[in-house]
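Working notes, structure below.
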Amino acid sequence: MFAKIVTMFLSCAKIFVSGKECGWRNRIFFGLLCLLLGITVSAFLILVLVLSKIGVGLVNLSIIFSFGILIFVLACVSKSVRCMSILFLLACGMREGRNVLIATGTSIVVFNNVRNILGNLKIVADSIICNLEAKRVSLKVVPFDYYSNLLSTLYVYAKQLFFNPFTDVVSLSDEFQCKIRISDDELNAMLIETKAQMQTVSSSVSSVFDIMTFAGRIVFLIGGISIILVGTWIFFKKFLILNKANNLYITKAFVQYDEEQQNTLRVLPLSRKEQNKYIQIPSLRTSDKQKLNVALYFLPIMTNILIWILISFLDFMLYWLILTVRKHLKSLDMAVVPITMTFSHTRMDFKDVFNLRRADTHHHAMNITLFEPQCAPKPELSLTASWIPLTILIAVLVFFGLFSTFLIQMKLLVMASFYPSKEFERVHYLHQKILEERSQEALVSKLNQTLKNILAQANFWFPILTRKHYVNS
């Protein structure tokens, strides 16, 4: 079963690479493969749009659909387009694609978490203004009601003290009204001005941030794809012109070329030292240098993940701080302000002809809330919106990092399949390079051995012994 799958895959690859197979079935199959290539490139662009939070609207879908059709048409007529498209998809998992994904993740963190931090700070400011507004309204009503009641009570006591000895002749009537007028125009104007300034600053910051977010995402998208295209084009041209693009791999063509050489000119099998430098592909085996490259591949990934975690941690800590303050503010009891009124008066009694002195005490209490419950800040948390796409990005980066060396091999094999003549030149160059390295190593080894033999002779260190030998003889 596995052999059949491999055979089918190789036949499909042969049809896709050559593009000149005879028969209508092969031509239809070739067209389907080019269509699949266009769909794959379009799906990749859609995935990038989703992860970069630009959105997949009707206009973007139309552009991507048109671009996929263009790739399909060009792939049917051009071998270079087919090769470049495959190299582009493979490069998305290498250093160029890694940099694009890291930039996308950074934009997600900055445009989500930083926006949320600014939003929570605005919520705190709005809460303070709301509490001041509520206090302004409550101060116009609550304490002055007590003052009005106290004055009314004072009037009642004064009325009781008033004595009219001529009730049969004179009738007295009175009316008492207590009206309170509070002037808080300055405080109200200050609060309105503060709210207007905060709203202006918030609107300007929000609009600038929205523009920067949209423009930054587009720049990251276009710049990232451009970086991948430029890297792919450089690799493509380097292979076609210099024949030195990643020229460290032993392919099947190299093995066949080496078998055609004379015994004295063969380089296979490689020595242990050469095996650490040159790798037979396709293979998952990695040399020490490639392991170091994989570690260097993950180094910027880990650095940026730590930065993302730090920014998200600051966002969460601000959210937790505001939430904790909100709970404490809502749990505060009302402050009770005791009000005591003592009314002392003297009343003349005509019967006993002496003054009666009297003191009455009235107790009241005024309840004041230190912070209005409806003005308690309600923070927002954006970790879910940030870390769901970040988790996908990190998983993709780890996957690409583990198989980065294999993707390099695949790029070389793709180029070798599309341009076998250039692959033969590369193989010839690599074969000659290995032979030259071996000849240089043999020469250096011979010189070292000669030097050791000279140093091991006694007459080298004591030439006088050699002179006495000639004199005696």
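The values are calculated or read from the model by the stated rules, or taken from the named source; none is laboratory data. Worth saying up front: this structure is predicted, and the values here are computed from it rather than measured. All Cβ positions, even for glycine, are placed from backbone atoms using ideal geometry, and neighbour counts span all protein chains on display. Please note that ligands, DNA and RNA were not included when accessible areas were found on the heavy atoms of the full protein model with its side chains. Shrake-Rupley method; radii C 1.70, N 1.55, O 1.52, S 1.80 Å.
Annotations for the structure displayed:
- Condition check for Lys327: in a loop (DSSP other than H, G, I, E, B), among the basic types (Lys, Arg) and either exposed (fewer than 14 other Cβ atoms within 10 Å of the Cβ) or at pLDDT 75 or above (or both): no
- All positions within region 253-275 that are exposed (fewer than 14 other Cβ atoms within 10 Å of the Cβ) and part of a helix (DSSP H, G or I): Val255, Gln256, Glu259, Asn263, Thr264, Leu265, Arg272, Lys273
- Region 69-84, residues that are open to solvent by 10 Å² or more (accessible area, probe 1.4 Å) and among the small types (Gly, Ala, Ser): Ser78, Ser80
Residues checked against (1) at pLDDT 85 or above; (2) under 22 Å from Lys411 (Cβ atoms); (3) in contact with a Gly (Cβ under 9 Å, 6 or more places away or on another chain); (4) open to solvent by 100 Å² or more (accessible area, probe 1.4 Å):
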| position | (1), (2), (3), (4) |
| --- | --- |
| Lys277 | no, yes, no, no |
| Ala295 | yes, yes, no, no |
| Trp308 | yes, no, yes, no |
| Leu323 | yes, no, no, no |
| Ala335 | no, no, no, no |
| Met348 | no, no, no, yes |
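- Among the numbered conditions (1) touching a residue at least 12 places away in the same chain (Cβ under 8 Å); (2) in contact with a helix residue (DSSP H, G or I) (Cβ under 6 Å, 6 or more places away or on another chain); (3) open to solvent by 80 Å² or more (accessible area, probe 1.4 Å), the only one that Lys289 does not meet is (2).
- Beta carbons closer than 8 Å, at least 6 apart along the sequence or on distinct chains, pair a first residue in region 261-286 that is among the charged types (D, E, K, R) with a second that is modelled with pLDDT under 75 and assigned to a loop (DSSP other than H, G, I, E, B) for Lys277/Ser287.
- Among the residues making up region 81-104, those that are modelled with pLDDT under 85 and more than 19 Å from Phe406 (Cβ to Cβ) are Asn99, Val100, Ala103, Thr104.
- Test: Ser62 is open to solvent by less than 30 Å² (accessible area, probe 1.4 Å) and part of a helix (DSSP H, G or I): no
- Test: residue in region 131-154 that is open to solvent by less than 60 Å² (accessible area, probe 1.4 Å), at pLDDT 80 or above and part of a helix (DSSP H, G or I): no
- Selected residue (criterion: farthest from Ser417 (Cα to Cα)) from residues of region 211-239 that are modelled with pLDDT under 80 and touching a Lys or Arg at 6+ places or on another chain (Cβ under 9 Å): Thr213
- Count - residues of region 371-408 that are within 16 Å of Asn113 (Cβ to Cβ) and either in contact with a Cys (Cβ under 9 Å, 6 or more places away or on another chain) or charged (D, E, K, R) (or both): 1
- Selection status of Leu248, over 12 Å from Ala416 (Cα atoms), in contact with a helix residue (DSSP H, G or I) (Cβ under 7 Å, 6 or more places away or on another chain) and at pLDDT below 80: yes
- Check on Val81, part of a helix (DSSP H, G or I) and closer than 22 Å to Lys411 by Cβ: yes
- Residue tally, condition in a helix (DSSP H, G or I), open to solvent by 60 Å² or more (accessible area, probe 1.4 Å) and more than 27 Å from Val267 (Cβ to Cβ), over region 399-435: 2
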